[in-house]
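See structure below.
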Amino acid sequence: MKRQIKAVYPGSFDPITNGHIYIAERAAALFDELVVSVLLNPQKQATFSIEDRRAMAREALSHLPNVKVNSFTGLLVDFLRREHSRIIIRGLRALSDFEYEFQLALMNRQLAPDIETLFIVTDAKYSYLSSRAVKEIFHFGGPVQDMVPPGVYRRLRERFARRSITS
Ligand code: PNS
């Protein structure tokens, strides 16, 4: 039987944006299976609950049959072991992402030398896009419809009717 190659695309996805979707689509085209894993970090207050973040990602990626969405807490490399994967996918926007991503990749290599981090470069039109920017723009009444999928836009409206930005 042909070996199935599974990659993991981790992140906070608070919320998922069109930039994340672009990276997931490109990764899904390269691997047999892609697991999009939403980080539950008890030390960091996210804007959206883990359930909402997972639901938004699931909805946004439902057109990709080889993508599954779940969540993890603790070390990413431990999660990869549980998933029987050795590939971490991260998106790269501008040079400003590089230092953080380089550090993360080296730290993960130190923890698990057999796990590889692969970077997928974003499309130029998403190079400015981040979850944080989306929340801030939305909060101040700016247009974000072209930056996030419809399910995220709807939840942003619900969420910001009730509380302010926390991350
Ligand atoms: O979308 P983000 O917030 O840039 O994603 C960061 C993420 C989830 C990839 C990173 O914070 C992570 O892997 N956290 C899990 C904890 C961990 O493994 N830390 C060790 C590497 S420093």
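Throughout, read-outs are computed from the coordinates displayed, never taken from laboratory work. Every value quoted in this text rests on a predicted model; they were computed, and no experiment measured them. Virtual Cβ from ideal backbone geometry, glycine too; neighbours counted across all protein chains shown.
Annotations for the structure displayed:
- Relative contact order of the stretch 6-166, pairs being alpha-carbon contacts under 8 Å that are 6 or more residues apart, as %: 30
- Counting only lysines at least 8 places from residue 44 when in the same chain, those with an alpha carbon closer than 25 Å to its own are 68, 135.
- Counted without the sites themselves, the longest stretch of the chain free of trypsin sites (Lys or Arg not before Pro) in a DSSP loop having at most 15 other beta carbon atoms within 10 Å is 45-162.
- Low-density loop cleavage sites - chymotrypsin sites (Phe, Trp or Tyr not before Pro) in the stretch 106-162, where at most 13 other Cβ are within 10 Å (DSSP): 128, 140
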